[in-house]
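The values are calculated or read from the model by the stated rules, or taken from the named source; none is laboratory data. Because the structure is a prediction, the values reported are computed rather than measured. Note that we place each Cβ from the backbone using ideal geometry, even for glycine, and neighbour counts take in every protein chain shown.
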Amino acid sequence: MNELLSDIADRLIAAYDSAAMLEPITAALPDFTVAEAYDVLGEIKARRCRQGWQPVGRKIGFTNRTIWDRYGVWQPMWAHTWAHTVQYAAEARASLSLQNLVQPRIEPEVVFKLKAPLPVTDDPLVVLESVDWIAAGFEIVQSHFPDWIFTAADCTAAFGLHGALAVGAPLPITDTNRATVAATLPVFTATLSRDKTVVDRGVGANVLDSPALALVHLARVLSEQPQFPTLAAGEIVTTGTLTDAWPVKPGETWSSDYGDLGLQGLSVTFT
């Protein structure tokens, strides 16, 4: 890695570890590219692994096309999730501290656990043959860049904006329900509420036409990134927000409902 990209990794890690903000990378380096951002992300992963962090899967961001104009990012990106940033919610309830997060926002998502390597295919039934279970999820994203203003390259390098992930009760994917789940993923409606008041709704098709197809997108991207391993059995993948991302603060309780998809919704209280 060249000295410039190594310096960017230094600054992003320092901002993460101190819960601080910094100006977008592209403010000083307008030619900084998404490809270079993934090189920075790979350097950050290597350093974190040397520090003892354990990767457990991936998050995909900006799969929801309805929010691209709002954030000025017109393509998906991905980043790693870690053993200490993923929480499995007992009885579909979680408690998360916001103390070390910067400008946190909440995103209701569909989470997949893989049981086999994922093929690059546009057939959701074939995709789900590689899936062990799906679950409701809340990804808590954060932005070290003021006012959530950044480019695709900025947010990709900055840990993919990942802060934390709460995962709800799993729904096993079986021969019996696979076709129904595949057909429902694009059309179900997710409802996001704060303190029992509905804040937003979104449909599965918002996420690259289906959360299952968001998985395929990630597999395709990784096939073109030899510096990263492809998706493997055991990985947890969260596929992007079904609604807009909403600011959160301590004392609030947020909940989700997944309508016809058959997933148990999730509730999270912030401290």
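Just so you know, in the range 1-36 the residues that are among the charged types (D, E, K, R) and assigned to a loop (DSSP other than H, G, I, E, B) include one that is surrounded by the most Cβ atoms within 10 Å (Cβ to Cβ), and it is 23.
The requirement of being within 17 Å of the chain's Cα centre (by Cα) and charged (D, E, K, R) is fulfilled somewhere in the range 203-218, by at least one residue.
For the range 219-271, a residue qualifies if it is part of a loop (DSSP other than H, G, I, E, B), over 15 Å from the mean Cα position of the chain (by Cα) and small (Gly, Ala, Ser), and the qualifying residues are 232, 233, 234, 251, 262, 265. Among the residues of the range 158-194, the ones that are assigned to a strand (DSSP E or B) and small (Gly, Ala, Ser) come to 5 in all.
Filter the range 74-120 down to residues that are charged (D, E, K, R) and in contact with an Asp or Glu (Cβ under 8 Å, 6 or more places away or on another chain) and give me whichever is surrounded by the most Cβ atoms within 10 Å (Cβ to Cβ). Applying the filter and picking the extreme gives 109.
Of the residues 118, 165, 98, the single one that is of a type in the set (A, V, I, L, M, F, W, C) and at pLDDT below 95 is 118. When 154, 132 are screened for being in a helix (DSSP H, G or I), in contact (Cβ under 8 Å) with a residue 12 or more places away in the chain and charged (D, E, K, R), only 154 passes. Among the conditions (1) more than 13 Å from residue 63 (Cα to Cα); (2) modelled with pLDDT of 95 or more; (3) not basic (Lys, Arg), residue 262 misses just one, which is (2). Assessment of the range 197-217 against the conditions (assigned to a strand (DSSP E or B), among the hydroxyl-bearing types (Ser, Thr, Tyr) and surrounded by fewer than 16 Cβ atoms within 10 Å (Cβ to Cβ)) yields at least one matching residue. Checking 242, 263, 231 one by one, the residue that is crowded, with 20+ Cβ neighbours inside 10 Å, in contact (Cβ under 8 Å) with a residue 40 or more places away in the chain and over 25 Å from residue 203 (Cα atoms) is 231 and no other.
Within the range 184-219, the residues that satisfy the criterion of being among the aliphatic types (A, V, I, L, M) and out of contact with any helix residue (DSSP H, G or I) (no Cβ under 8 Å at 6 or more places or on another chain) are 192, 198, 199, 203, 205, 214, 218, 219. Take the residues in the range 51-73 that are under 10 Å from the mean Cα position of the chain (by Cα) and assigned to a loop (DSSP other than H, G, I, E, B), then tell me which one is surrounded by the fewest Cβ atoms within 10 Å (Cβ to Cβ). So the residue we want is 62.
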